[in-house]
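All remarks here apply to the structure that follows.
The values are calculated or read from the model by the stated rules, or taken from the named source; none is laboratory data. These numbers were taken from a predicted model, which means no experiment stands behind them. Every residue, glycine as well, gets a Cβ built from its backbone with ideal geometry; the counts of neighbours run over all protein chains shown. Heavy atoms of the whole protein, side chains included, go into the accessibility calculation; ligands, DNA and RNA do not. Shrake-Rupley method; radii C 1.70, N 1.55, O 1.52, S 1.80 Å.
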Amino acid sequence: MPKKPIFTISFISWMVFVAFSSLYSFEDTSVPTINIPHLDKVVHFTFYFVAAILGLLSFRIRVTQGAPLRKLIIVMLLFLTIFGIIIEVIQYGFTTSRAGDIFDALANTLGALAGLVTAKMLFSSKNRLNWK
């Protein structure tokens, strides 16, 4: 019986949401503003934290087929880091209402790393969740 690709669909959908949210201009909308210092860094961290967990879960079938979890974690971290840097470069060079920021890229990477460490702890500890 084929596996249901729920985590793969969730991961791809989440990454589309992250890209859209990072590149869309919300200036002309009547969204209320919240003035909390560095809230954008928390949002970036959260976006990539969730992306890392969903990404690792979407590749979980590879782990059960013999691919080492450590290798998948490294690949996912590299992918999310590069994705985050590309989004920041696009914001800097190709949008007029968004600004690329090295600290946003850092928050993205730290969020991805924290998500991957969390997922590894959940699936590799003594009382771990089961991949199957």
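In region 109-132, how many residues are part of a helix (DSSP H, G or I), open to solvent by 50 Å² or more (accessible area, probe 1.4 Å) and at pLDDT below 90? Residues meeting the conditions: 4.
Residues are listed down the side, and each one gets a yes or a no for (1) at pLDDT below 95; (2) within 11 Å of the chain's Cα centre (by Cα); (3) within 19 Å of Thr118 (Cα to Cα); (4) surrounded by 12 or more Cβ atoms within 10 Å (Cβ to Cβ):
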position	(1), (2), (3), (4)
Val16	no, yes, no, no
Glu27	yes, no, no, no
Asp40	yes, no, no, yes
Ala51	no, yes, yes, yes
Glu88	yes, no, no, yes
Thr95	yes, no, no, yes
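Scanning region 68-82 turns up no residue that is closer than 22 Å to Ser124 by Cβ, among the aromatic types (Phe, Trp, Tyr) and at pLDDT below 95. Here Leu106 meets the list (1) open to solvent by 80 Å² or more (accessible area, probe 1.4 Å); (2) more than 20 Å from Thr46 (Cβ to Cβ); (3) assigned to a helix (DSSP H, G or I) almost entirely, failing just condition (2). Return the residues of region 62-83 that are open to solvent by less than 60 Å² (accessible area, probe 1.4 Å) and in contact (Cβ under 8 Å) with a residue 40 or more places away in the chain; say none if nothing qualifies. Those that are open to solvent by less than 60 Å² (accessible area, probe 1.4 Å) and in contact (Cβ under 8 Å) with a residue 40 or more places away in the chain: Val63, Leu69, Ile73, Met76, Phe83.
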